Amino acid sequence: MKQSNTTKKKIFEKRNYKFLFLAFAIITLGFLLMVGGGSDDPLYFNKAIFNFTRIRLAPSLVLIGFSVAMYSIFTEKAAKK
């Protein structure tokens, strides 16, 4: 058998994985902020579903998280001096 001594080229660097993990954490936080606001009683309407956190903050965090994930994927290796 013939063995080659070529090394595998990494797709991402450590920096990219850090940004990807950060994006995952931001997206998870956004979805956790959207949870809740329901009521056990079907005759009672809870107005807490229309508060600032669920309507503005949480979706914004999810979009920011997806933006960070795209940045982590598309950013290239830093130039070494």
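Laboratory data are not the source of any read-out in this text; all were calculated from the coordinates shown. If you're wondering where the values come from, they're calculated on a predicted model, not measured in any experiment. Don't worry about glycine lacking a Cβ; one is built from the backbone with ideal geometry, like all the others, and counts go over all protein chains shown.
How large is the dipole of the chain about the Cα centre if only Lys and Arg carry +1 and Asp and Glu carry -1, each at its Cβ, rounded to the nearest 20 debye?
Working: 13 positive and 4 negative charges, 193 e Å.
Once rounded to the nearest 20, the dipole reads 920 debye.
Consider all pairwise Cα distances in the chain and report the whole-number % of them above 14 Å. Intermediate values should be presented prior to the final figure.
Numbers: 2333 of 3240 pairs.
Roughly 72 percent, rounded to a whole number.
Note down the nm distance, to one decimal, between modelled labels 7 Å out along Cα→Cβ at Tyr44 and at Ser60.
3.1 nm
Any idea what the relative contact order of the chain is, in percent, if you count C-alpha pairs under 8 Å spaced at least 6 apart? It would help to have the intermediate numbers written out before the result.
Values: 67 pairs, mean separation 34.0, N = 81.
Reported relative contact order: 42 percent.
Which listed residue (Phe45, Ala69, Leu32) has the Cα farthest towards the positive end of the charge dipole for the chain, taking +1 on Lys and Arg C-beta and -1 on Asp and Glu C-beta about the Cα centre?
It is Ala69.
With a point put 7 Å past each Cα toward its Cβ, work out how far Val35 is from Phe74 in nm, to one decimal.
Going by the 7 Å Cα→Cβ label model, 3.1 nm.
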